[in-house]
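Asker: Before anything else, here's the structure in question.
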Amino acid sequence: MGKRNNLRTPVSQRPHVVPKPTDTSYIGGMVSVQINEKKVSVPLGTTILEACKENQIHIPTLCNHDDLCVAGVCRICVVEVEGMRTLQTACTFPITAPIKIHTSTPMVRKARRHIVDLLLSEHYGECYSCFRNENCELQTLAKEYGVDEYTFGHINSPRHEIDNSSTSVIRDMNKCVLCKRCVRTCIDLQEVGVLEALNRGHDTKVGTFLDKPLADVICIYCGQCINRCPTGALRANDPSDDIWDAIDDPTKHVVIQTAPSPRAAIGEEFGIEPGKSFTGELNTALKRIGFDKVFDTNFTADLTIIEEGTELLNRLKKALVDKDESVKLPQFTSCSPGWIKFIEHFYPEYLDYLSTAKSPQQMFGAITKTFYAQQAGIDSVNIVTVALMPCSAKKFECNRPEMNASGYKDVDYGLTTREMAKMIKEAGIYLPEMPKSHFDDPFGEASGAGLIFGATGGVMEAALRTVYELVTGRVVPFDNLRIEPCRGFEGVKQASVKLERCVEKYNFLEGVELKFIVAHGTANAKIVMEMLKRGELSDVHFVEIMACPGGCLGGGGQPIPTSEEIRKKRAQAIYEEEESLPIRKSHENPHIKYIYENFLTEGPCGELSHKLLHTHYTKRGKYIS
Amino acid sequence: MELVIEEKIKRTGPVIFSEYQAGEGIRKALSINRQDVLFELKASGLKGRGGAGFPTATKWMLSAAAVADKKFIVCNADEGEPGTFKDRVLLLEYPKLIFDGMVVGGYTIGAKTGIVYLRGEYEFMLEHLESCLEKMRNENLLGKNILGKEGFDFDIKIRFGSGAYVCGEETALIESLEGHRGEPRNRPPYPVNTGYLGYPTVVNNVETLAAIPHIITKGGEWFKQHGTDKSTGSKLFSVSGDCEKPGVYELPWGTKISELLELVGAANTKAVQVGGASGICLPQSQFDRVLAYEDAATGGSIMIFNEKRSMLKVLKNFMEFFVEESCGQCTPCRVGNIKLLEGVERIEKGNYTFAYINTLKELGKTMQVASKCGLGQSSPNSFISILENFKEEIFHTNGNGGYDGKAK
Ligand SMILES: Cc1cc2nc3c(=O)[nH]c(=O)nc-3n(C[C@H](O)[C@H](O)[C@H](O)COP(=O)(O)O)c2cc1C
Ligand code: SF4
């Protein structure tokens, strides 16, 4: 359901031609084409680029991105098609007839070289002072085409002011090559629509509504644009200098929490193939860098499950037993700060549907500066909390004014996977070769349920494992706790489990079909919200939404590049790691039991947890002043 | 109504300005079937008058063959090419021809809606055009079951452009109609299959549409009597610049440039820019070339420059136009045009090498083949042709270089 098909075609250009029954494209015909000397057969409608890739013929690309609809604007992928006057872009050209393609003629090579030269002439700055050095697609192209001089000159002063107004995303249009991947990410992939081309001709640039700073528009800070930028034009707001200062300050006690997604992806920053987690290695590296304590965000993910699960059961009770009509169902998850900002801007009238539970990052901050400070006997003033997150919106989240339940700023810094890797490298550490070590007490190792928060559907799966067991007294009826309907990358997933033979406390749920929806990427969130608006979710109880495609593992702070394939491998790394853990249900985490017995003694959703672990939201709307 | 430049000529011409009774073309078309309309059109050999010269019959046939719930026919009245003002004359004086052409098009391809994409600056015509449409509605030349033809409903609406030259490019025009930024689309798919709102769409120039009713009533063979083998019929030329009688002329294709110069009273002519800013610039030695798709092609713009003009300034003006009017979407055009303009400025200052000018000419050739749309593909034309055809003037009087390439 809710599948957004045909993503490769820009929305405005989706054809309405009704295929004729005799149309071979309709019945999946094949065409034979000749690429250079090679004769090949491809399905009708394959692009030249796809056909070449299939046949190991390299075509350079820049504006093309597998997650996005085609643009055909950089023109670097031009090829010759026999019989056509002009060169054709391989990324846009669908093969519908037996054509002859030449991918490396003098005209093609000259055109590509010219295009690289033109882009370089306007690309301000030098590679060695750029954070994308050695991971820049323009640099790669320049190398590929043997650029050894600036044929058409090189711009020597910036044309644009850098926009560092936001806590999360910094835009430096001096490095922009106008591939518009960020625009397509924002409009087509995420359907937020903050970025678009402004002006015309040589003055064209990517900007916001009225060219306002990012902090003044409806950007949700998901950072998906950063992940898809081929150059250094977009980056996250990097706090690592401040963190170094804190580490170097002997009066400060610096603790870091690490989320599961960065651990499953940080290896990529060190040249390791996607798909391997470096949790233990990272623990050692962080201690060597100088963090005083290394904690596992999964601990508060478990805590989130208990709080959010309890909140759900409370809402269900109010609705079913007390017949309280003011209760909002379905309950929506609240751990993705990009999603929170999205709903605050786009659906402010539905904020009551959100769980009031804070995200694991913020719960951790509040717990660290209260419970942990108490236990360790450290004055909270001297504690600096850092959160290693896959996310750029987390930076905004920790700076929200209400996030000071401990009496201090609960989380001082949100750090992305990329920035963490940079710090580790700066400290002279090669992460993959670190010995493994454990997380620090008093939170220790968390459950696998918290770990799978990193993948879309993970929160739902973790919650179901706990809720089902609380309600029925039995383990969820899925092989090896793998709740398959929650897994996979389909945009919007819907499933249900039947609650039967409930324990006494929950017998009001006897026979209830617990229905849930999982969506990732705000474009899919929009589909769900529109369903809610139309009243189609009245029989649904729980909805998980993550702002980023793939969930946190595809977050805007993760290593670049990204693609569905890479995201799948990260998910696989997370699911594999989780099955190796001894405890896989949040409510079975002994540290969680301990904290409810000794600190949050009124239990889940009690007064203290309300103060520390729950929050409220802001109606932002879309009005831009 | 007012005209662009004061003209001292009468509207005479063999085709467009020949006799025509309003509604006649529609009546005739409805009395025959669609295939016959297409047949007549094919026989006429009519090619698009907007500049690209695509055979109109083929365009109509392709969209007639597309199967879809809806289709559209769009009249491209954006007339943005520097030096063209012939569509303006047609819109002001012969709207019946254009609208009749659109109705015939709607009938032929199976469209129910026609849209006139009118240049923003032509807003003053709106009232006039709307009243013509209203009159046609009253006479059942528009509306439901037109002239009693059961099931043939067609109406025309007028929409405005906002002043971007590139929005005359048919796919950018469609984007603009849809409310998007005016940026050309990738082709294929072509608008005849996937056009306005994703539906099959025919985009035709004003003048192309104005020729249709004549062809339908008088026959393709009649049309073909005028012009050359490959360029049938006649053409409206917008003549401006250094001449006594600037204005809109209807002349058969195949007219020599020298003949045209004589007709308009041009003396001491040094150069003729054929096809507007995106066209080519011809020196005296080439004035015996003929105006035709197969030789000196043009969407109608003819600019005449006499001996007093500086060709480098002319070129600079064109390049400034493109730097500003590129939609900014694709690399060769967005960045390429500024490089060409900078090249012109360097020549102006005498601060250039021939090696670099040659590099820029090579860049121009890349732009011609690698740009996404006609704008970038044709913007280097004047750069290449002016620097080639007027090299003696340009490199002698400007800078230190000799045109033979020895100095600097
Ligand atoms: C930059 C650019 C501007 C154009 N401007 C116009 C225009 O103002 N009017 C027009 O009829 N065609 C214009 N065209 C041509 C159209 O793209 C298209 O070919 C034409 O409208 C098709 O109609 P025709 O086949 O009747 O000529 C322009 C093309 C380009 C590349
Ligand atoms: S050639 Fe120029 S006008 Fe055409 S798409 Fe490219 S940038 Fe835009």
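Yes or no, residue by residue, for (1) part of a loop (DSSP other than H, G, I, E, B); (2) acidic (Asp, Glu); (3) touching a Ser or Thr at 6+ places or on another chain (Cβ under 6 Å):
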| residue | (1), (2), (3) |
| --- | --- |
| A:Thr310 | no, no, no |
| A:Leu313 | no, no, no |
| A:Glu325 | yes, yes, no |
| A:Asp352 | no, yes, no |
| A:Gln361 | no, no, no |
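Asker: I'm told B:Thr232 meets every condition in (1) surrounded by fewer than 22 Cβ atoms within 10 Å (Cβ to Cβ); (2) away from chain A (no Cβ under 14 Å) except one. Can you identify the failing condition by its number?
Answerer: Only one criterion is unmet by B:Thr232, namely (1).
Asker: Further, regarding this structure: Picking from A:Asp211, A:Asp188, which residue would you name as being more than 27 Å from A:Pro360 (Cα to Cα) and either within 17 Å of the chain's Cα centre (by Cα) or surrounded by 24 or more Cβ atoms within 10 Å (Cβ to Cβ) (or both)?
Answerer: A:Asp188
Asker: Restricting to the range A:205-253, name every residue that is without any contact (Cβ under 8 Å) to a residue 60 or more places away in the chain and farther than 30 Å from A:Gly621 by Cβ.
Answerer: A:Asp241, A:Asp245, A:Ile247, A:Asp248, A:Asp249, A:Pro250
Asker: Check A:Asn507 against each of (1) at pLDDT 95 or above; (2) closer than 20 Å to A:Ala463 by Cα; (3) over 21 Å from the mean Cα position of the chain (by Cα) and name the one condition it does not meet.
Answerer: Among (1) at pLDDT 95 or above; (2) closer than 20 Å to A:Ala463 by Cα; (3) over 21 Å from the mean Cα position of the chain (by Cα), A:Asn507 violates only (1).
Asker: Evaluate the range A:66-79: report whether one residue or more is touching a residue at least 24 places away in the same chain (Cβ under 8 Å), more than 9 Å from chain B (Cβ to nearest Cβ), farther than 26 Å from A:Glu191 by Cα and not β-branched (Val, Ile, Thr).
Answerer: Among the residues of the range A:66-79, at least one is touching a residue at least 24 places away in the same chain (Cβ under 8 Å), more than 9 Å from chain B (Cβ to nearest Cβ), farther than 26 Å from A:Glu191 by Cα and not β-branched (Val, Ile, Thr), which makes the answer yes.
Asker: Quick check on my filter: what residues within the range A:133-163 are over 26 Å from A:Ser563 (Cα atoms) and either among the aromatic types (Phe, Trp, Tyr) or assigned to a helix (DSSP H, G or I) (or both)?
Answerer: Residues satisfying the conditions are A:Tyr150, A:Phe152.
Asker: Filter the range B:178-213 for residues that are hydrophobic (A, V, I, L, M, F, W, C) and under 28 Å from B:Phe237 (Cα atoms); which is nearest to ligand 2 (Cβ to nearest atom)?
Answerer: Restricting attention to the range B:178-213, the residues satisfying the condition of being hydrophobic (A, V, I, L, M, F, W, C) are B:192, B:197, B:202-203, B:206, B:209-212.
Adding the requirement that they be under 28 Å from B:Phe237 (Cα atoms) leaves B:192, B:202-203, B:206, B:209-212.
Details: B:Val192: 19, B:Val202: 21, B:Val203: 16, B:Val206: 21, B:Leu209: 24, B:Ala210: 27, B:Ala211: 27, B:Ile212: 28 Å.
Within the range B:178-213, the match that is nearest to ligand 2 (Cβ to nearest atom) is B:Val203.
Asker: Residues A:Ile340, A:Ile378: which one is of a type in the set (Val, Ile, Thr) and part of a loop (DSSP other than H, G, I, E, B)?
Answerer: Numbers: A:Ile340 fails: part of a loop (DSSP other than H, G, I, E, B).
Checking each option against the conditions leaves just A:Ile378.
Asker: Quick one: is B:Phe318 surrounded by fewer than 24 Cβ atoms within 10 Å (Cβ to Cβ) and in contact with a Ser or Thr (Cβ under 7 Å, 6 or more places away or on another chain)?
Answerer: No, not satisfied.
Asker: Please list, ordered by first then second residue, the pairs with beta carbon atoms under 7 Å, 6 or more apart or interchain, first in the range B:169-190 and farther than 17 Å from A:Arg75 by Cβ, second of a type in the set (A, V, I, L, M, F, W, C) and within 12 Å of ligand 2 (Cβ to nearest atom).
Answerer: From residues that are farther than 17 Å from A:Arg75 by Cβ, the pairs are B:Leu173/B:Cys167; B:Ser176/B:Cys167; B:Arg181/A:Ala197; B:Gly182/B:Ala164; B:Gly182/B:Val166; B:Gly182/B:Cys167; B:Gly182/B:Ala172; B:Gly182/B:Cys327.
Asker: Hey, another quick one. With B:Gln284, B:Gln273 as the choices, which residue is polar (S, T, N, Q), touching a helix residue (DSSP H, G or I) at 6+ places or on another chain (Cβ under 8 Å) and on the phi < 0 side of the Ramachandran plot?
Answerer: Every option except B:Gln273 fails the conditions.
Asker: Which residue out of B:Ser31, B:Ser44, B:Ser63 is more than 8 Å from ligand 1 (Cβ to nearest atom), surrounded by fewer than 22 Cβ atoms within 10 Å (Cβ to Cβ), polar (S, T, N, Q) and in the same structural domain as B:Val116 (by TED's automatic domain parsing)? I'd like the intermediate steps shown before the answer.
Answerer: On the way: B:Ser44 fails: surrounded by fewer than 22 Cβ atoms within 10 Å (Cβ to Cβ); B:Ser63 fails: surrounded by fewer than 22 Cβ atoms within 10 Å (Cβ to Cβ).
Checking each option against the conditions leaves just B:Ser31.
Asker: Could you check how many residues of the range B:183-218 are in a strand (DSSP E or B) and modelled with pLDDT under 95?
Answerer: Total satisfying the criteria: 0.
Asker: Check whether at least one residue in the range B:334-343 is more than 20 Å from the chain's Cα centre (by Cα) and away from chain A (no Cβ under 14 Å), and report yes or no.
Answerer: no
Asker: Can you tell me how many residues in the range B:130-168 are farther than 19 Å from B:Tyr107 by Cβ, away from chain A (no Cβ under 13 Å) and assigned to a loop (DSSP other than H, G, I, E, B)?
Answerer: Count: 1.
Asker: Quick one: which residue in B:Lys316, B:Lys361 is outside the structural domain of B:Glu169 (by TED's automatic domain parsing), farther than 30 Å from B:Lys86 by Cα and out of contact with any strand residue (DSSP E or B) (no Cβ under 7 Å at 6 or more places or on another chain)?
Answerer: Working: B:Lys316 fails: farther than 30 Å from B:Lys86 by Cα.
Going through B:Lys316, B:Lys361 in turn, the sole match is B:Lys361.
Asker: To continue, here is another question. For B:Gly105, state whether it is in the same structural domain as B:Glu178 (by TED's automatic domain parsing) and touching a Pro at 6+ places or on another chain (Cβ under 6 Å).
Answerer: no
Asker: I've got another one for you. Quick check on my filter: what residues within the range B:306-332 are at the interface with another protein chain (Cβ under 9 Å from one of its Cβ atoms) and within 20 Å of B:Ala277 (Cβ to Cβ)?
Answerer: B:Phe322, B:Val323, B:Glu324, B:Glu325, B:Ser326, B:Cys327, B:Gly328, B:Gln329, B:Cys330, B:Pro332
Asker: Would you tally the residues in the range B:46-98 being within 14 Å of another protein chain (Cβ to nearest Cβ) and in a loop (DSSP other than H, G, I, E, B)?
Answerer: 10
The values are calculated or read from the model by the stated rules, or taken from the named source; none is laboratory data. Fair warning: this is a prediction, and the values are worked out from it, not measured in the lab. Here Cβ is always computed from backbone atoms with ideal geometry, including for glycine, and neighbour counts include all displayed protein chains.
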